[in-house]
1. If you bin the C-alpha pair distances of the range 177-284 every 5 Å from 0, what whole percents do you get?
2. Mind checking which lysines have their C-alpha under 17 Å from Lys108, skipping anything on the same chain fewer than 8 residues away?
3. Between 0 and 90 degrees, rounded to the nearest ten: what's the tilt of helix 172-186 against the longest Cα principal axis of the chain?
4. For Lys442 and Asp317 in one chain, what is 0.36 nm times their gap in residues minus the Cα-Cα distance, to one decimal in nm?
5. So what's the Cα pair-distance distribution over the chain, bin width 10 Å, in %?
6. P(r) of the range 96-230 in 5 Å steps, Cα pairs, percent per bin?
7. Considering Cα pairs under 8 angstrom that are at least six residues apart, work out the relative contact order of the range 24-183 and quote it in whole percent.
8. Taking the square root of 5 times each eigenvalue of the Cα gyration tensor, what semi-axes in Å does the equivalent ellipsoid of the range 5-104 have, largest first?
Amino acid sequence: MVVKQKDLPESPGVYIFKSRGQVVYVGKAKNLKKRLANYFSSHATEKGKEIVETADSLEYIVVSNEREALLLEANLIYDNKPKFNVLLKDTRVYPYLIFTEDEFPYMKITHDKVKDSIGPFTSVSFLRSLVEIVEPILQIRNCDYDLSRVKRPCIEYGMKRCSAPCAHLISKEEYSKRIEIAKAFFHGDYARLKSWIKEKIDLYSEREMFESASRLKRMYERLEGFFEEQKVEFSEPVDVDVLTVRSNAAVLIKIRNGMMLAKFDFEINGGYADFLEWYYIGKGEKPAPRIVLESTFKGIKKWSKVLSSDVDGARDDDEKKLISIAVQNLEDHLKSAAFVEVSLKRLAELLSLNVSPKFIEGIDISHTHGTFTVASVVTFEDGKPNKKLYRRYKLANFSKIDDFESMRQVVRRRYSQHPLPDLLLIDGGKGQVDAVKDVISKIGKEASIVGLAKSDERIVFPDSREDLHLPLDDGALRILIEIRDEAHRFATAYHYSLRDKSMIESGLDSIPGIGSKRKKALLATFKNFSRIKKASFEELKEILGEKTAKKLEEIIHRENSL
């Protein structure tokens, strides 16, 4: 790609890298000439170099100011979803509510965001619950009939759930008023609907229409009950959006009039600024007057101007409470199967695997100065531990520490007889990874192998690829760390059990008065050596007598202190 940098304007704007007509990256700049020069300099970032190598053409659009550039960039990213840009993805499709354009409109739930749609809402079931409360209160029709062909009201009118606009039993003006009250309700203005209900109840009571008053009162109580379930306790009602971003995931909670109106989960390979740009500008979602973030970031002040909303961290106890709710929801999301699936796909992309790894096995070695050397193999299926497939191996003792030979032994024993997983994770650096690759090659197999170096949690490859450094809260790295830690726990537990068993056995043999019969009696009572170690003096005394029990307790205490 040839670019004449001297011809580039020193103006704010948006630049677009393309490959074969497809947009691969969109960026913004205060000064297009200076910004684009960075991509073609020797000091370009790795990502910048990759963008230039991939693209075959460059376009730019000059705008008046930085804010216009931000808006245009967000819209272009949202429309084109370029390969190299930060992308914000909903973890699921969220519903919207629309009011049809009929003479007498009705409410309709849709998954498409269209003109004048209200939402999004957390789920279809949540939104349907709201609709089923509001429709009969305001007696808005719930059918999609062509009203010009309807001659008389249906059973919904008889049940006082519909005002029967089909039979002209309500004026267009009154029906339109109720539609506006419903729209306000779904936008978060609950007070207007409550006021309307109370007025109707008073009117029915004055006219001694007690059955109608009672019916509406029951509906009002149902509405209040629903509000109570969604309510978050505040010193006063608030309209606020609450946002937390961690580990390639984001949670946004919408509070309107003190009620939790919706909660959304997202995938995002970026931070707070990326989310604000994508969600409120790219998707065109309307922000609350205040947006509370779990963490602030450099450049946060400009976002208040861009979004015409007060964007900042929590300022009081109420907002801290909201943040804690968002964080808890995010932590729940990070544990969910949906997020694990996303993280596995990301792991496959980062490690250049052909498929998302269904089975990942982790190997770890444990020993004490070369003695009692053991290995563990843990298996994770779809990102979760499958303990039925865990295996442990007792290895030869070495005169000195030799982790490489230990790793060769367990890999040879394991994979000479068992199939290789989609990804094999080694606890260690380049040396361990190369040793494993060599053994697998010698047994005539191939495997996708990576190592995880404990010093800085970098991912190590068995080829010429550079070590991969990921943020510690990256979802893909979190999976590898969990597998490595589980392999370490399983190996260490086995190592300790062998070491302790040996120590106790040798200790028992060295104590005068403990012969084969008493040894058998101890094992018959406590089942294993671990329980012997935890036994009280009184329990040992019953089997061994006071003098011998004291000697055994001294040995156990000494070995525990090592």
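1. Per 5 Å bin, starting at 0, the Cα pair percentages come out as 2, 10, 15, 16, 14, 12, 10, 7, 5, 4, 2, 1, 0.
2. Lys183
3. 20 degrees
4. On the way: separation 125, 0.36 × 125 = 45.00 nm, distance 6.27 nm.
Stretched out fully, the Lys442 to Asp317 stretch lengthens by 38.7 nm.
5. 3, 13, 16, 16, 16, 14, 10, 7, 4, 1, 0
6. Spelled out per bin, shortest first, that is 2, 9, 19, 23, 21, 15, 8, 2, 1, 0.
7. On the way: 156 pairs, mean separation 25.2, N = 160.
Relative CO of the range 24-183 lands at 16 percent.
8. Numbers: eigenvalues 214, 62, 26 Å².
In descending order the semi-axes read 33, 18, 11 Å.
Any read-out appearing in this document is the output of simple, stated calculations on the displayed coordinates, not a laboratory observation. From a predicted model like this one, the values you see are computed outputs, not experimental measurements. With ideal geometry, Cβ positions are generated from the backbone for all residues, glycine too; neighbour counts draw on all protein chains shown.
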